[in-house]
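The values are calculated or read from the model by the stated rules, or taken from the named source; none is laboratory data. Only a predicted model underlies this, so the values are computations on that prediction, with no experimental measurement involved. Glycine gets a Cβ as well: all are built from the backbone with ideal geometry, and neighbour counts include every protein chain shown.
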Amino acid sequence: MAKIVGLPKLSPTMEEGTLTRWAKQEGDDVAVDELIAEVETDKATMEWRSFDRTVLLKILAAEGTTVAPDAPVAIFGERGEDISSLLGAQSAPAATPNAPVATPATNVAGSDAQTSAPQVPVGRIAASPSVRRLARERSLDLRGLEGSGPGGRVIQRDLERLAAEQPRAPGEPGSSAPAAAASASARPAPVVVPLSSMRRTIARRLVESKQNVPHFYLTAEVRADSLLEVRKQLNAMLETGGEKLSLNDLLIRICASALRRVPAVNASFMNDAIWQHQVVDVSVAVALPDGLVTPVVRDADKKGLLEIAREVRELASLARQKKLKPEQMSGGTFSISNLGMYGVDEFAAVINPPEGAIVAVGAVREVPVLRDGALHAESRLRLTLSCDHRVVDGAAGAQWLAAVRELIESPLQLML
Amino acid sequence: MRQLRYRDALREAMIEEMERDDRVFLIGEEVGHYQGAYKVSQGLLERFGERRVVDAPIAEAGFAGLAVGAAMVGLRPIVEFMTWNFSLPAFDQIVNNAAKIHQMSAGQFRIPVVFRGPNASARQVAAQHSHAVEAFYCNVPGLYVVYPSTPRDAKGLLKTAIRDDNPVLFLEGETLYGIQGDVPEVGQEELIPFGSANVVREGRHVTVVSFGRPVPMLVKLADQLEQEGISMELIDARSLRPLDTATIVASVKKTNRCVVVHEHWPYGGPGAEIVDRIQREAFDYLDAPVLRASNLDVPMPYALNLENEVIVTPERVRAAVRQVLYLD
Amino acid sequence: MSKVLDELQTMYRTMYLIRRSEEEAARAYSQGKVGGFLHLYIGQEAIAVGAEAAIEKTDYVITTYRDHGVALARGSSPRAVMAELFGKDTGLVRGLGGSMHLFDAEHRMLGGHAIVGGHLPLAAGVAFRARYMKESFVTLCFLGDGATNIGGFHEGLSLAGLWKLPVVFICENNRYSMGTPLSRTTPLADLTVKAAGYGLAADRFEGNDVIVVRDRIKLAVERARSGGGATLVEVLTYRFRGHSMSDPGKYRSAEELEEYKRKADPCALARNQLVASGIAEEQIAALEREVEAQVADSIQFADESAPAARSSIDAFAYASGSSV
């Protein structure tokens, strides 16, 4: 799907960047790690390379334009996509060269405005040319890899050895160095794991999310004794059938109910509009050995707890067998991620776009609480809501957390 | 095919071409009555007479220049240098006259002359007699430079050289003269075009490009490396100018690694030219820098043990091969 | 008019053409229309013209980088010669050679060669063909006095003498090898003694009288043509200009130069001979006007011609369009 992409922040301190050169033109295919543009930052001229295999549909900021990070500079998507709606949504001022913030960087002190001195791109990857080509062809990300060649150069052997199970690229019939090749370096080199397609998707989507979605976080600690008690009673009833409700099953239902009560959190920022969802479809993060997926429990607000429990188990099982269909993993309106079982007290999750929020569930802890002048043991749980500030404001998020707290602390309300 | 020695293959080429074209004649020191310093021209005087097998005094600039002058007006001389070391007194004739007159006259005069003789070190003949001249002459546009390593190539390339309308520098090897190899039967004429490299051996792991004298040594090395699990592709460039870039590049694109082996000194020359073309045309296919194995960068010493060290050795080639394979 | 007078008039005309062409070339050089080296033949015209009169059109001539006079004497087009100096596509060698490398196959002019002495072995090779193919043509090879010390001279003469090749080496001794007088480059007063070392015949004479040059060179040519072998001819002359355009000629006195110009200008000498033979001043003036017009035409032609073609860069490096 076509989307507007903002200027990436290419240095930690970058507050604005000048597009000194577009290496790609409108209509050009862009491969992973291919140079899109050169951007002059406060530090140096940096290379902006693509994370995706995509097509540059529209350039929104001309060469020489200086813009702030995240300011829209281009539209990427699939060839032939209609981008008229995106163009309508794209507010002009930030990207036009004549706008106030836009200063052609070369036009300083009467110097030759046409030819900004080329600067050395930074961030070279030490890889043999052949490895670079293979990386382009196979969409492998070489950054961060330490190769076994001189000076950490990534050489073909590194790719071949570690991607042994991957299909060989066409035209590379066994040209790799003989296996006897392994060098006996003093310290073991890192194991280089080529990106799986799931890992690549995770990386791309999360970077996209963190780069494009303005996150903010709200944390609340709630009493979980009642919820645990209810769960205990329900599980006792289910014992004969051999089924069980997890705490997470209950929380899915509670979150769904809270979304009904505070619909502002059940919304998406869709470039030119906010979509207020009419259904409550909760994405549930499921950890896998090599990543995670987020299958969706549809209409979670309308389903019974057992129904939810069964569905989650079925989805998780499919996920582990890698048999989830794409439609079972997309179209959620809200996500829940629970690391409580790993003993994590609290954490902030990354939003799963285009959802507007995600809740991160921590571990249940028994803590001593002073109540009515006496010390009591109380079970508590921390929830952190990550919100897309473009669609969910602080107050709305707080209201939702309050609704959740009420439901957790008085779970009988679920019966109403 | 029949077996022929390299020197006999050269002689056959000259005989066939001299019989074919009366304008072709052989001139050089000791080519006639002495029967050739290295017996390449043995029997030619008896066959063709003094008119066409011309013993020259020791005057390389004189007879090389005479050949160029004769070529300007339509003869087709073959000049034998007793060794290429002796071409240096005739350097001006080769570089300034043979190579330039066609161009300076805007094509009015052609220089169909072949300069031939043994190149590079022989055995223990010391610094002045051990030049490998290809690096000098390959730098000169207007010249062709070829360097066969087998009897078959020697014959096929020499026939092509004699028929070409340009000055051709034909490098042989004293230690190649005695090697035997397949040569097409008499009557089966074979002209090997310039600019066509020969894939001597196919391999998968590394391309070794060479020309002239080191090639037989590299064939043996390929066998040894095969035992060690290294599959070496061997390309004999055969013709250094023009150079068959396509065959070399195609091989490097397959193996991703390359070592260029030559007997000329390491500063520049066709060895470096080959490396340059590879980095330009196969850059994205290289897994390691292209390395060269060559003579050491010193004048050739006399003592056998020293000479053996200075001339490009199989050990140096092996080391370079292992290095581009990241084996050491 | 007698045949003799007719020939003298023709020779004078060519000498005057060379003289005026060289003067205009010098002017063009000062205007930046001619680049590189420009070696003028002014003062030596009688040698090229006299030698040409001693040979046939089917004979070959090869010379040094001071080659304009020889090319014009051989019959090369003044337009093509001037256009070559101007670096034009219409030049004798398409702008690839310039002043020093005038080749004209049609007129059997084997070129101007710019490495001193390097072309003597070539001349021997051209003559070798006559011997090899049993043909009767003769090869003339011009050289300067400075060339008699370099290897090519000796090896060329050596082979020509050894094989009795039909070649005449004409050493134009203009008394200076560039800026160094002969007395400082050789202990010999007579350069022809070198001929004996290689078994060549020799001759030596003053070369300002075109008739003398013609007749003496004819002797050597006949020797060559009749199987008598090669000759080294030393022709004493004087160059009126510097070695090249960049040479101010400080190594010789103004008096010396004026003396030669007054007494030994070959053009003036030939003109006087015409006058003395009874040719009307008017007729000579008309001939000179004709030459002036021809030279002016060559300059205009060179000026107006298209520059050397880009395609010539690649077209001639190798014969038959072969390339590396």
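Is it the case that some residue within segment C:62-71 is out of contact with any Ser or Thr (no Cβ under 6 Å at 6 or more places or on another chain), surrounded by fewer than 22 Cβ atoms within 10 Å (Cβ to Cβ), on the phi < 0 side of the Ramachandran plot and in contact (Cβ under 8 Å) with a residue 24 or more places away in the chain? Among the residues of segment C:62-71, not one is out of contact with any Ser or Thr (no Cβ under 6 Å at 6 or more places or on another chain), surrounded by fewer than 22 Cβ atoms within 10 Å (Cβ to Cβ), on the phi < 0 side of the Ramachandran plot and in contact (Cβ under 8 Å) with a residue 24 or more places away in the chain, which makes the answer no.
The single condition from (1) under 25 Å from C:Val213 (Cβ atoms); (2) modelled with pLDDT under 90; (3) outside any loop (DSSP other than H, G, I, E, B) that C:Ser244 fails is (3). Scan segment B:180-190 for residues that are in contact with an Asp or Glu (Cβ under 8 Å, 6 or more places away or on another chain) and not in a loop (DSSP other than H, G, I, E, B) and jot them down. Selection gives B:Val183 alone.
Return a yes/no flag: does segment A:363-377 have any residue that is assigned by TED's automatic domain parsing to the domain that holds A:Met270 and touching a residue at least 40 places away in the same chain (Cβ under 8 Å). Yes, there is a match, as at least one residue in segment A:363-377 is assigned by TED's automatic domain parsing to the domain that holds A:Met270 and touching a residue at least 40 places away in the same chain (Cβ under 8 Å).
Applying the criterion of being in contact (Cβ under 8 Å) with a residue 40 or more places away in the chain and not basic (Lys, Arg) to the residues of segment B:214-223, the residue that is nearest to the other protein chains (Cβ to nearest Cβ) is B:Leu221. Yes or no: B:Thr160 β-branched (Val, Ile, Thr), in contact with a strand residue (DSSP E or B) (Cβ under 9 Å, 6 or more places away or on another chain), closer than 26 Å to B:Asp8 by Cα and within 14 Å of another protein chain (Cβ to nearest Cβ)? Yes; evaluated as a whole, the condition is true for this residue. Taking the criterion of being free of Cβ contacts under 8 Å to residues at least 24 places away in the same chain and under 30 Å from C:Leu165 (Cα atoms), the only residue of segment C:224-276 that qualifies is C:Ser226. The residues of segment C:2-39 that are touching a residue at least 12 places away in the same chain (Cβ under 8 Å) and not in a helix (DSSP H, G or I), listed by number, are C:Lys33, C:Val34, C:Gly35, C:Gly36, C:Phe37, C:Leu38, C:His39.
With (1) over 17 Å from A:Glu355 (Cα atoms); (2) loosely packed, with under 14 Cβ neighbours inside 10 Å as the list, and A:Ala287 as the residue in question, which single condition is left unmet? Here A:Ala287 clears every test but (2).
Only residues that are in the same structural domain as B:Val290 (by TED's automatic domain parsing) and in contact with a Gly (Cβ under 8 Å, 6 or more places away or on another chain) were counted in segment B:188-220, giving 3.
When segment B:66-100 is filtered for residues that are more than 7 Å from chain C (Cβ to nearest Cβ) and assigned to a helix (DSSP H, G or I), the ones remaining, listed by number, are B:Ala71, B:Trp84, B:Asn85, B:Phe86, B:Ser87, B:Leu88, B:Pro89, B:Ala90, B:Phe91, B:Ile94, B:Val95, B:Ala98.
Look at B:Arg213 and say whether it is of a type in the set (Lys, Arg) and touching a helix residue (DSSP H, G or I) at 6+ places or on another chain (Cβ under 9 Å). Judged against the criteria, B:Arg213 is not a match.
In this entry, A:Ala377 is excluded by the filter for residues that are over 19 Å from the mean Cα position of the chain (by Cα) and either modelled with pLDDT of 90 or more or assigned to a loop (DSSP other than H, G, I, E, B) (or both). Close Cβ contacts (under 8 Å, 6 or more residues apart or on different chains) running from residues in segment C:300-320 that are away from chain B (no Cβ under 14 Å) to residues that are aliphatic (A, V, I, L, M) comprise C:Phe301/C:Met82; C:Phe301/C:Ala83; C:Ala302/C:Ala28; C:Ala302/C:Met82; C:Ala302/C:Ala83; C:Ala302/C:Leu85; C:Ser305/C:Ala83. Answer yes or no: is there a residue in segment A:235-247 that is closer than 16 Å to A:Gly397 by Cβ and outside any helix (DSSP H, G or I). Scanning segment A:235-247, I find no residue that is closer than 16 Å to A:Gly397 by Cβ and outside any helix (DSSP H, G or I), so the answer is no. Scanning segment B:223-249 for residues that are more than 30 Å from C:Tyr318 (Cβ to Cβ) and surrounded by fewer than 19 Cβ atoms within 10 Å (Cβ to Cβ) yields B:Asp223, B:Gln224, B:Glu226, B:Gln227, B:Glu228, B:Gly229, B:Ser231.
Filtering segment C:61-113 to residues that are among the hydrophobic types (A, V, I, L, M, F, W, C) and either within 15 Å of B:Phe109 (Cβ to Cβ) or modelled with pLDDT under 95 (or both) leaves C:Val61, C:Ile62, C:Ala71, C:Leu92, C:Val93, C:Leu96, C:Leu102, C:Phe103, C:Ala105, C:Met109, C:Leu110. Restricting attention to segment C:88-100, which residues are under 16 Å from the mean Cα position of the chain (by Cα) and either outside any loop (DSSP other than H, G, I, E, B) or touching a residue at least 40 places away in the same chain (Cβ under 8 Å) (or both)? Correct list: C:Gly98, C:Ser99, C:Met100. Hey, any hits in segment B:118-140 for a residue that's touching a residue at least 24 places away in the same chain (Cβ under 8 Å) and within 11 Å of chain C (Cβ to nearest Cβ)? Among the residues of segment B:118-140, at least one is touching a residue at least 24 places away in the same chain (Cβ under 8 Å) and within 11 Å of chain C (Cβ to nearest Cβ), which makes the answer yes. Residue check: A:Ser268 meets all listed conditions (1) surrounded by 19 or more Cβ atoms within 10 Å (Cβ to Cβ); (2) touching a strand residue (DSSP E or B) at 6+ places or on another chain (Cβ under 6 Å); (3) in a helix (DSSP H, G or I); (4) not basic (Lys, Arg) but one, namely (3). Applying the condition of being in contact with a helix residue (DSSP H, G or I) (Cβ under 7 Å, 6 or more places away or on another chain) and under 19 Å from B:Asp236 (Cα atoms) to segment B:153-171 and asking which residue is surrounded by the most Cβ atoms within 10 Å (Cβ to Cβ) yields B:Ala154.
Please enumerate the residues belonging to segment A:387-416 that are assigned to a strand (DSSP E or B) and out of contact with any Ser or Thr (no Cβ under 9 Å at 6 or more places or on another chain). The one that is assigned to a strand (DSSP E or B) and out of contact with any Ser or Thr (no Cβ under 9 Å at 6 or more places or on another chain): A:Cys387.
When we screen B:Pro193, B:Pro112, B:Pro148 for residues that are farther than 30 Å from C:Ile115 by Cα, in a loop (DSSP other than H, G, I, E, B), within 14 Å of chain C (Cβ to nearest Cβ) and not small (Gly, Ala, Ser), the only hit is B:Pro193.
Residues checked against (1) in contact with a Leu (Cβ under 8 Å, 6 or more places away or on another chain); (2) more than 14 Å from chain A (Cβ to nearest Cβ):
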position	(1), (2)
B:Leu234	yes, yes
B:Trp265	no, yes
B:Ile274	yes, yes
B:Arg280	no, no
B:Val290	no, no
B:Val298	no, yes
B:Glu307	no, yes
B:Gln323	yes, no
